[in-house]
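The next block holds one structure in the form of structure tokens; read it before the comments.
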Amino acid sequence: GGETPAKPVELNFKAVPISTADTVVVPEGYQFAVISRWGDPLFAGAPAFKADASNGGDDQARQLGYNHDGLHFFPIDGTDSVNGSSVEGLMVTNHEYTTPEYFYPVGVQPGNAQWNLDWVRKSQHAHGVSVRHLRLANGKWEAVLDSPFNRSVNANVAMQLVGPAAGNRLVRTNADPSGTRCFGTFGNCGNGYTLWNTYLTCEENFTDYFGVGTADPATVNYPDAEYQAHMERYKGSGKTSSSSYRWDHYDNRFNWAMEPNEYNRCGWVVEIDPFDPNSTPKKLTALGRFKHENAAMTLADDKRVVVYMGDDQVSEYIYKFVSDGKYDPARPALNRLLLDKGTLYVARFLDGAAQGDAMGVGEWIPLKLDTPALAGGTLGALFNQDMGELLVKTRQAADAVGATPMDRPEWITTHPTTREAYVTLTNNSSRGSSSARYPGGPQHPGANDANPRTGNQYGQIVRWREKNGDPASLTFEWDIFVLAGNPTLYPRTDLRSGSANVTADNTFNSPDGLAFDKRGLLWIETDGNYSNTGAYAGQGNNQMLVANPATKEIRRFMTGPIGCEVTGLTWTPDQKYLFINIQHPGEGPSVTDAQNNPLMASKWPDDATATRPRPATVVIWKQDGSAVGT
Ligand code: FEO
Ligand code: CA
Ligand code: CA
Ligand code: CA
């Protein structure tokens, strides 16, 4: 209690129509500029981007990484994201993965005859997180290349495991018998930031990077049955190769037959201090191990820190971490230990008093050794009576307590004053299917009130209010804020039409990125089907929309180029500049011309001079100088 009620907010821009064009479109009265493309220099003297993508591993370590995802603007004065500088700051950006048909020179592809260690290094150095000092000069955002803060926190940078799983037998490797010193981060999807001005990067699809070198996976045995069950629970499928990456051909760290526990050192939230370029990033094991989407921090009434997180795979769960200690602005060094110790909970979403009404109740189940469903018996053995081991196997613990499988939980954000939480459930083609969620596992569940459609093509946004408005509460009420759908194809009686706030003018699919601005408008980004045909007719390219949480009105704010996802969002403290990322422009058709050059499905952003589409950050502002969205 005690917070001031949210001021009424309105959507004051003219909606943009859908687009299938290879460009970014913003509303009338707005402008945008492309900054921070893949391959742009990260340091003074860094090599220039080579148009034929022939920069090797050393060059890539000094250039911006690929497939930008979550990002956050830290004002340079190091104060906070509300009151700090709006003209200079450190932009910290996730680089999630690489799109092989554009990332390498013609003829080079993962695992083919041209494949070598340097191409592996190039890929590893394009993954992870970049810290890039930016400033506004003469109306343009530019990089400060000689800044001491610029940094590539890529897939080979030294990191530290902290929290209950640090040192556990399951995270010890031949290279690191201590189980505390690991290397690199990759699959960095969504993000978060802390009250003490550090960055949180979230490791998502780490399972795709592990293989068995050049061997045929079918011929390689798992170390044992326990390992098999654990690995397949996380992968969701049986043995496969690392076909999109093939790091395991030259780097034994990614060969699970040689270093089986390296796998367990991935799938965490990682904390990076952008203001200390010599700091060692920390993998926060207390926050659980799964395919992390983002990390949304808020404060409980008693000042414990609460972090909401989604596990983005079909029919996976929503979690929250509550710290043991309390946040105290006067004790900055102690605040930095808050994410080392606490309780991880997983959510159960129940239909409530009535079914079919798009609302219900829920509860948070602690994942602790003495939680009744987890104590003793077979499960006690599964976790070896060890909290670190339970956290390495977070998904198995959540299974055991009866968590609710959701439609691919992506980003979570909390309202700046009410602390109400919103989550994007992007889609779930498997809901209601009779296939197993993972080898040996149960089948995908059917529809329920929070996930009301089988074969969910469009996704939904669910929001919840914790009991008494306190994020540390153990029960909540929830409702569906928007059920995305296509009302031009289906009658209102068909759930595929979406909820009443979806119209022919704002129809979209697969909400993913999500954040409140500080006035309480909800910004929604999509990563969905951009075919603009069939079930997706009239939805166009991926896009960003803005919603009014009070009225539920939703309006399209921008559209992205061909084949992209729109993701990541952060503002300058004065809200005059909004930064978003365009990820994987041109993704989709992997086709080549007669000379074996990639046929670019998109030439964004370099257009006439393009030789490759390039993921990049876009800054958007209002021509009259007022805050975006107002
Ligand atoms: Fe990397 Fe769940 O999106
Ligand atoms: Ca209900
Ligand atoms: Ca995402
Ligand atoms: Ca997505």
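The values are calculated or read from the model by the stated rules, or taken from the named source; none is laboratory data. The structure displayed is predicted, hence computed values, not measured ones. Using ideal geometry, Cβ is built from the backbone for each residue, glycine included, and neighbour counts are taken over all protein chains shown. What goes into the accessible areas is simple: the full protein's heavy atoms, side chains included, and nothing from ligands, DNA or RNA. Shrake-Rupley method; radii C 1.70, N 1.55, O 1.52, S 1.80 Å.
Here are a few things to note about the model shown:
- Options 210, 186, 149: the member that is of a type in the set (Phe, Trp, Tyr) and under 15 Å from residue 268 (Cα atoms): 186
- Qualifying residue in the range 93-104 (condition: closer than 22 Å to residue 270 by Cα and either surrounded by fewer than 19 Cβ atoms within 10 Å (Cβ to Cβ) or of a type in the set (A, V, I, L, M) (or both)): no
Residue-wise test of (1) under 24 Å from the mean Cα position of the chain (by Cα); (2) more than 25 Å from residue 129 (Cα to Cα).
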{"residue": "227", "(1), (2)": "no, yes"}
{"residue": "235", "(1), (2)": "yes, no"}
{"residue": "242", "(1), (2)": "yes, no"}
{"residue": "245", "(1), (2)": "yes, no"}
{"residue": "251", "(1), (2)": "no, no"}
{"residue": "255", "(1), (2)": "no, no"}
{"residue": "258", "(1), (2)": "no, yes"}
{"residue": "262", "(1), (2)": "yes, no"}
{"residue": "286", "(1), (2)": "yes, no"}
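- Wholly enclosed strands (runs of 3 or more DSSP E) of the range 195-297 bearing at least 2 residues among the aliphatic types (A, V, I, L, M) and open to solvent by less than 30 Å² (accessible area, probe 1.4 Å): 269-272
- Residue selected from the range 180-190 under the condition open to solvent by 10 Å² or more (accessible area, probe 1.4 Å) and closer than 17 Å to residue 286 by Cα, by the criterion nearest to ligand 2 (Cβ to nearest atom): 180
- Residues satisfying the stated conditions in the range 16-38, i.e. open to solvent by 50 Å² or more (accessible area, probe 1.4 Å), closer than 23 Å to residue 563 by Cβ and touching a Lys or Arg at 6+ places or on another chain (Cβ under 8 Å): 17, 18, 37
- The listed residue being within 22 Å of residue 296 (Cα to Cα) and of a type outside the set (D, E, K, R), out of 520, 498, 528: 520
- Of the strands (runs of 3 or more DSSP E) entirely within the range 402-487, those holding at least 1 residues that are closer than 30 Å to residue 230 by Cβ, touching a residue at least 40 places away in the same chain (Cβ under 8 Å) and among the charged types (D, E, K, R) occupy 409-414.
- Considering the range 321-358, the residues that are closer than 30 Å to residue 499 by Cβ and among the aliphatic types (A, V, I, L, M) include one that is farthest from ligand 2 (Cβ to nearest atom), namely 346.
- Test: residue in the range 582-591 that is in contact with a strand residue (DSSP E or B) (Cβ under 7 Å, 6 or more places away or on another chain), surrounded by fewer than 16 Cβ atoms within 10 Å (Cβ to Cβ) and assigned to a strand (DSSP E or B): no
- Candidates 377, 362, 402, 388, filtered to the one that is modelled with pLDDT of 95 or more and on the phi > 0 side of the Ramachandran plot: 402
- Residues located in the range 159-179, provided they are within 12 Å of residue 272 (Cβ to Cβ) and open to solvent by 10 Å² or more (accessible area, probe 1.4 Å): 160
- Counting the residues of the range 537-567 that are open to solvent by less than 10 Å² (accessible area, probe 1.4 Å), among the small types (Gly, Ala, Ser), more than 16 Å from ligand 3 (Cβ to nearest atom) and in a loop (DSSP other than H, G, I, E, B) gives 1.
- Single residue of 423, 392 found to be β-branched (Val, Ile, Thr) and away from ligand 4 (no atom under 16 Å from the Cβ): 392
- For the range 512-536, a residue qualifies if it is outside any loop (DSSP other than H, G, I, E, B), more than 27 Å from residue 626 (Cβ to Cβ) and open to solvent by less than 40 Å² (accessible area, probe 1.4 Å), and the qualifying residues are 512, 535, 536.
- Test: residue in the range 386-393 that is in a helix (DSSP H, G or I) and either under 21 Å from the mean Cα position of the chain (by Cα) or farther than 20 Å from residue 230 by Cβ (or both): yes
- Residue identified as more than 16 Å from ligand 2 (Cβ to nearest atom) and in contact with an Asp or Glu (Cβ under 9 Å, 6 or more places away or on another chain) among 412, 365: 412
- Any hit, the range 579-589, residues being within 16 Å of ligand 4 (Cβ to nearest atom) and at pLDDT below 95: yes
- Residue under evaluation residue 624, criteria (1) closer than 26 Å to residue 87 by Cβ; (2) modelled with pLDDT under 95, criterion not met: (2)
- Exclusive hit being within 26 Å of residue 337 (Cα to Cα), more than 16 Å from ligand 3 (Cβ to nearest atom) and among the β-branched types (Val, Ile, Thr), set 219, 180, 201: 180
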